[in-house]
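Inspection log for the structure reproduced underneath, given as structure tokens.
Read-outs: derived from the displayed coordinates by stated rules, not from any lab. What you are looking at is a predicted structure, and each value in this text was computed from that prediction instead of being measured. FYI the Cβ positions are ideal-geometry reconstructions off the backbone, even for glycines, and counts take in every protein chain you see.
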Amino acid sequence: MDSTKRLERLRERYMNGDLDRRTFLRLLGVAGLAAGITGGPLAGLSRQALAEGMEIRFDGWGGVVSEALRQHAFNPYEEATGNKVVDRTFGGEEEVLTGVRAGQIGDYHIVHSSGVSWYKRWIDADMGVELNLENIPNMQYVIEALLDPYYKITPDYLSAVPYDYGTTGIAYNRNFISDEEAQEMGAMLTMHPDHQGRIGGWSEWVTRIWYGALHTGQDPNNIEDIDAVWEKLREHRQGLLKYWGSGAELMDLLAKEEIVVTEAWSGRVAALQQEGHPIGYIDPKNSYAWMESMMVLKGAPVEEAEVLINFMLEPETSIAVAEGQNYPPSLDPSKVEMTEKIEALPAFDPSGTLSNLTFADPEYWNSHETEWKRAWSRIERGA
């Protein structure tokens, strides 16, 4: 469908009342038809020629995250541009890296990547690209504190754009643990002596060692006594019902009250709270914070990926996705007005500075990955 026909179709839908004015203008912009009509950041898209019928592969986390992206970002983008986003689900980013190494350059395009540590791994694997930020004008809204760690790895360019953030704090059932007790115990809540056998834990190695550091009073980004951490992880395992391996499993265990306390992803807790479950949430001192990005891989159709990412960063789109997946967007609240739902999310920082959050140091954690993953694997198996 050429630009003229696309414009006619959008206008017809607008005149028929199928689109409100804001949506109509947004679709005009992403379709490259807004020059001289709308102005603003979307008008820049009108100067970017998209390859009609281009397919862009997107690998993401599945579940409510992928559902939110599909509904609020991919479907409108496809309708406006004629391009297609082929979204696929991975069990973990390691799976994508394995697929990239086994396949051909260009098989994978955009990955919903797990923050700075993985950004460094992709860059070290020579799988990054140099994004033209002039094609992503909505970068102006992104929180600077999220961008800084990426620029420390690639000072002169970016291969990824921060998109959302959250924390792995502690969820607890208020029928068994009060808010006051949770605040008082902090990180030690996941070692609660009164709830042995009803404690859960995320099986991923960084989270386990991070909380082992908190349990032993150490800085997770500068662990001086790793043996004390291993001992505390063995102690934690003794009171465990099970290690959960996915967000869906986490929610099921908490909803059914099979476990009453566990580390948890802030967005999944928000979803449980919205469903009416009596789940509280705290971020203890030095709680594990993380960010996610849209990582563009070598061989991707870069210009089309830039246009898609810019559309995803459009405030209306980004906020709608954030509300759907329950993780705050990467947009700076001092520049973009947030909704009440976003402001109520557990990890949301109204200041936009993220100064109250502690992120993993990628150099530190990547340098210990091989040794620590092996040691944790033995403990997980009961050694």
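Relative contact order for region 167-264 using alpha-carbon pairs under 8 Å, separation at least 6, rounded to a whole percent?
This gives 46 percent for region 167-264.
With label points built 7 Å along Cα→Cβ from the Cα atoms of Thr339 and Gln274, find their separation and express it in nm.
0.8
Connecting C-alpha atoms closer than 10 Å in a GNM of the chain, tell me which of Glu180, Glu249, Glu316 has the biggest fluctuation.
Looking only at Glu180, Glu249, Glu316, the biggest GNM fluctuation is shown by Glu180.
Can you compute the helix-only [θ] at 222 nm over the chain? Use -39500 (n - 2.57) per DSSP H run of at least 4 residues, normalise by all residues, nearest 500 deg cm²/dmol.
It comes out at -12500 deg cm²/dmol, rounded to the nearest 500.
What are the ³J(HN,Hα) couplings of region 256-267, residue after residue, when phi is run through the Karplus curve with 6.51, -1.76, 1.60 and θ = phi - 60°? Round to Hz, x for glycine and proline.
For region 256-267, the Karplus curve yields 8, 6, 6, 10, 10, 7, 5, 5, 7, 7, 4, x Hz.
Over region 319-383, what number does the Rg to Rh ratio reach, with both radii from the alpha-carbon atoms and Rh per Kirkwood?
Rounded to two decimals, Rg/Rh equals 1.20.
May I ask you to derive the relative contact order of region 115-226, considering only C-alpha pairs under 8 Å and at least 6 residues apart, and to give it as an integer percent?
Once normalised by length, the contact order is 17 percent.
At a temperature of 37 °C and a viscosity of 0.692 mPa s, determine how fast region 119-269 diffuses translationally according to Stokes-Einstein, using the Kirkwood radius over alpha-carbon pairs as Rh; express D in µm²/s, rounded to the nearest whole number. Intermediate results must be reported in sequence, preceding the final value.
Working: Rh = 17.8 Å.
Value of D from the Cα-based Kirkwood radius: 185 µm²/s.
What is the Å³ per residue value for the convex hull set by the Cα atoms of region 117-174? List each step's numbers first, then the result.
Numbers: hull volume 7.0 nm³, N = 58.
Cα convex hull per residue, to the nearest whole number: 120 Å³.
For Asn132 and Tyr243, compute 0.36 nm times the residue count separating them, minus their Cα-Cα distance, and round to one decimal in nm.
Between Asn132 and Tyr243, full extension yields 35.8 nm more.
Quick one: what Rg and Dmax do you get for region 204-349 from the alpha carbons, in Å?
18.3, 52
So what's the gap between the Cα centers of region 235-256 and region 86-153, to the nearest angstrom?
29
If I stretch the segment between Ala255 and Glu55 completely, what's the gain in nm (0.36 nm per residue apart, minus their alpha carbon distance), one decimal?
68.1 nm is the gain from fully extending Ala255 to Glu55.
Hey, rough spin-label estimate for Gln183 and Arg234, points 7 angstrom out along Cα→Cβ, what's it come to in nanometres?
Spacing of the two 7 Å Cα→Cβ label points: 3.7 nm.
Through the Karplus equation 6.51 cos²θ - 1.76 cosθ + 1.60, θ set to phi - 60°, convert the phi angles of region 288-300 into ³J(HN,Hα) values in whole Hz; use x for Gly and Pro.
Once θ is set to phi - 60°, the couplings for region 288-300 become 6, 9, 8, 10, 10, 9, 9, 8, 9, 9, 4, x, 6 Hz.
What is the fewest-to-most order of Trp365, Trp118 by other Cβ atoms lying within 10 Å of their Cβ?
Trp365, Trp118
If amide hydrogens are placed 1.01 Å from N in the peptide plane, which non-local residues have theirs closer than 5 Å to the one on Val85?
Ile56
Cut-off is 10 Å between beta-carbons; in what order do His368, His112, His236 appear when sorted fewest neighbours first?
His368, His236, His112
At R0 = 45 Å, how high is the FRET efficiency between His368 and Glu79 if r is their beta carbon distance? Nearest 0.05 is fine. If you can, show how the numbers build up before the last one.
Working: r = 46 Å, r/R0 = 1.03.
That gives a FRET efficiency of 0.45.
Quick one: which residues, 5+ away or cross-chain, put their amide H under 5 Å from the amide H of Gly128? H built at 1.01 Å from N.
Lys298
Treating the beta-carbon of each Lys and Arg as +1 and of each Asp and Glu as -1, no other charges, what is the dipole magnitude of the chain about its Cα centre, to the nearest 20 debye?
Numbers: 34 positive and 60 negative charges, 143 e Å.
Rounded to the nearest 20 debye, it is 680 debye.
Name the long-range amide H neighbours of Asp164: under 5 Å, sequence gap of 5 or more, or other chain; modelled H, no Pro or chain starts.
Under 5 Å from the amide H of Asp164: Glu292, Ser330.
For q values of 0.14, 0.15, 0.18, 0.22 Å⁻¹, compute log₁₀ I(q)/I(0) with the Debye formula on a Cα-only model of region 201-258, without solvent.
Treating every Cα as an identical point scatterer, log10 I(q)/I(0) equals -0.43, -0.48, -0.65, -0.84.
Per residue of region 229-234, in order, report the coupling 6.51 cos²θ - 1.76 cosθ + 1.60 (Karplus, θ = phi - 60°) as ³J(HN,Hα) in whole Hz, putting x for Gly and Pro.
5, 4, 5, 5, 5, 5
Answer rounded, prolate or oblate for region 72-172, using the Cα gyration tensor with square roots of eigenvalues a ≥ b ≥ c: rounded when a/c is under 1.5, else prolate when a/b is larger than b/c, else oblate.
Values: a/c = 1.15, a/b = 1.06, b/c = 1.08.
Cα axes put region 72-172 in the rounded bin.
Principal axis lengths of the chain from Cα atoms, whole Å, largest first?
Between the extreme Cα coordinates on each principal axis of the chain lie 68, 44, 32 Å.
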